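What follows draws every value from the coordinates through simple rules; no lab data is involved. If you're wondering where the values come from, they're calculated on a predicted model, not measured in any experiment. Neighbour counts run over all protein chains shown; Cβ positions are idealised from the backbone, glycine included.
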Amino acid sequence: MSRNRTIPATSSDDVFLARLGIKPELSRRTSPFQNRAISISVICILAGGMSLFGFGMSHGGPVVMLGTWLAVGFFTLLVGMALADVVSAYPTSGGPYFMAEKLGGAGWGWLTGGLNLLGLLGAIAGIDYGAAQFIGAFIQLQWGIAPTTVMTLLIFGVILGAHGLLNSTNVRVLNVLNSISVWWQLGGVVLIVGALMLSSAPHQSPSFLLTFHNESGISSTLQVVLVGSLVAGYTFCGYDASAHIAEETTNAQISAPQGIVHAITASWVGGFILLAGMLLAIQDYAGTLNSATGVPPAQIFLDVLGTAGAKVLLLVVIVAMLLCGNSEVGACTRMVYAFSRSGALPKSEFWRHVSSRTKVPTRAVWFSVFLPFVLALPALKSLVAYGAITAINAVGMLPACTIPVYLALRKGKAYRPGPWTLGAWRKPIAVIACLYAPAMIVVFCLPQVGVITTDTFNYAPVTLAVALLLLWAAWVVQGRKGYQPTGGAAQPAEALIPEGDGF
């Protein structure tokens, strides 16, 4: 591997951006570490692993939770590596949609961008609403106040407002928070696992990690295993954030793809340690699963460390969730800005505006926090309806990240990789990624319980179908006329960086 030794990074980054037909407008102050930090923060194992812990306990238990974490993490890494190869050739804020547009045309760009944007908005809604629920659990522990749905929604609104304010400031603030988030998550895993393992409470034997528990009502063991994999499947989303801040990252053609791969790898290892540590600390399986707090991890903390210790660890998780949601807003903001730059949104000229003072697309920031609040309003009446909306996070993000990989694969030798490339491994890894993605989308859409009612129905396939229908209708009505593909085509990376950098 090698580094650019002849051209200043910022200069070469902006020259390459211009060759893609894009005028540099954002402040390029994000370091390579800060680039990977945003993806680690958005994946957020302390958010996904904790919020879905109870789901995993009832859908296969320890052996499924850990086994599918290893499997899904491995295939996610392959998808991430394949995507990273394309990111190196097209390092822009548009991320997957811009790559799809360049490799497949305007229609592919529109489809990918729509799915990506819906996925990001759903992710913000899911992450910040989950943080509001954990805050409600903390309030109940601390002051004995049982949170109502209205109270949770108000907390959710305050969180979104805070994230809007933070993301409207200079990009340096976002970079600092993302850097803190990385160490908070990694340190949080060490603190949580360390506190649980070093406590005087009894622990499960290692063989417990190989046990199978099914309380889902599903009779098919295979289906239980597949559905149980959603703990990992839902967590491993958002690694494309490194691509979305590429226009603000130095040496982006190398830093952005490395950010994706490093973030997935770190989350894969850290998440496994977290899940294993939590499982070994379970005192009463049924009691944990049916905890009065409504949050199984909180019950584990209570059983092992008592009320005071539980509060401390719950705060660690809450802060991680808040940092995760803030990073997700940052990624979504860049997507809104870039998609508006292509005229893909109503009033695109308004949303693409960049503040001359902060060099941040502040209007896109508030777009990114207002819509998730609207998406969460159905939670006042039904959490099922809310779940149907936020389900688009997973079923939207995975295809959005895989479509550019498929299009690059389809171009064959006509595809021109950037300086970070898989080389001879690109084709086999891309093929595996393109087979894995649709298979996992089917898993996302499987029934998750044995007895299906209006309250237990998995609305993910309905949500995806409605989203695709709306995207098609919007393309027919507006997209074909208003969408403005960005001019230019990627020049060979070697034209700017003499020696490439592999994986």
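Once phi is turned into ³J(HN,Hα) by the Karplus curve 6.51 cos²θ - 1.76 cosθ + 1.60 with θ = phi - 60°, what whole-Hz value does each residue of region 217-227 show in order, with x for glycine and proline?
x, 7, 7, 7, 4, 4, 5, 4, 4, 5, 5
Using bins 5 angstrom wide from zero, how does P(r) for region 357-470 break down, in % of all Cα pairs?
2, 9, 14, 15, 14, 12, 12, 11, 6, 3, 0, 0
Magnitude of the Cβ-charge dipole of the chain, K/R +1 and D/E -1, about the Cα centre, nearest 20 debye?
That gives a dipole near 1400 debye.
If Rh is defined by the Kirkwood formula over all Cα pairs and Rg also comes from Cα, what ratio Rg/Rh do you get for the chain?
0.96
Helix 171-198: angle to the longest alpha-carbon principal axis of the chain, degrees 0 to 90, nearest 10?
30
Straight-line reach from Lys427: which aspartates and glutamates have a Cα under 13 Å away, not including same-chain ones fewer than 8 places off?
Asp85
State the cysteines of the chain left without a partner when partners are defined as other cysteines whose beta carbon lies under 4.7 Å away.
Cys237, Cys332, Cys401, Cys434, Cys445, each lacking another Cys Cβ under 4.7 Å.
Can you return the aspartates and glutamates within cross-link range of Lys381? Criterion is Cα-Cα under 13 Å, with same-chain partners fewer than 8 residues away left out.
Asp455
Show me 15-28, 194-207 ranked by packing, highest mean number of other Cβ atoms within 10 Å first.
Descending mean neighbour count gives 15-28, 194-207.
If I take every Cα pair under 8 Å that is 6 or more residues apart in region 131-199, average their sequence separation and divide by the length, what percent do I get for the relative contact order?
19
Helix 61-89 versus the longest principal axis of the chain: what is the Cα-based angle in degrees, 0 to 90, to the nearest 10?
Here the helix axis deviates by roughly 10 degrees.
Return the Cα extents of region 104-178 along principal axes one, two and three, sorted largest first, each rounded to a whole Å.
Largest to smallest, the principal-axis extents are 56, 29, 16 Å.
Which value in deg cm²/dmol, rounded to the nearest 500, describes the helix-derived mean residue ellipticity at 222 nm for the chain, given -39,500 (n - 2.57) per DSSP H run of n ≥ 4 and division by the residue count?
Here the helix-only value at 222 nm equals -22500 deg cm²/dmol.
What ranking do 430-438, 294-302 get when scored by the average of other Cβ atoms within 10 Å per residue, highest first?
Going from most to least packed, we get 294-302, 430-438.
Tilt of helix 296-341 relative to the longest C-alpha principal axis of the chain, in degrees (0 to 90, nearest 10)?
20
Arranged from highest to lowest average of other beta-carbon atoms within 10 Å per residue, in what order do the peptides 324-337, 280-293, 219-232, 48-61 appear?
Per-residue Cβ counts within 10 Å, averaged per peptide and sorted highest first, yield 324-337, 48-61, 219-232, 280-293.
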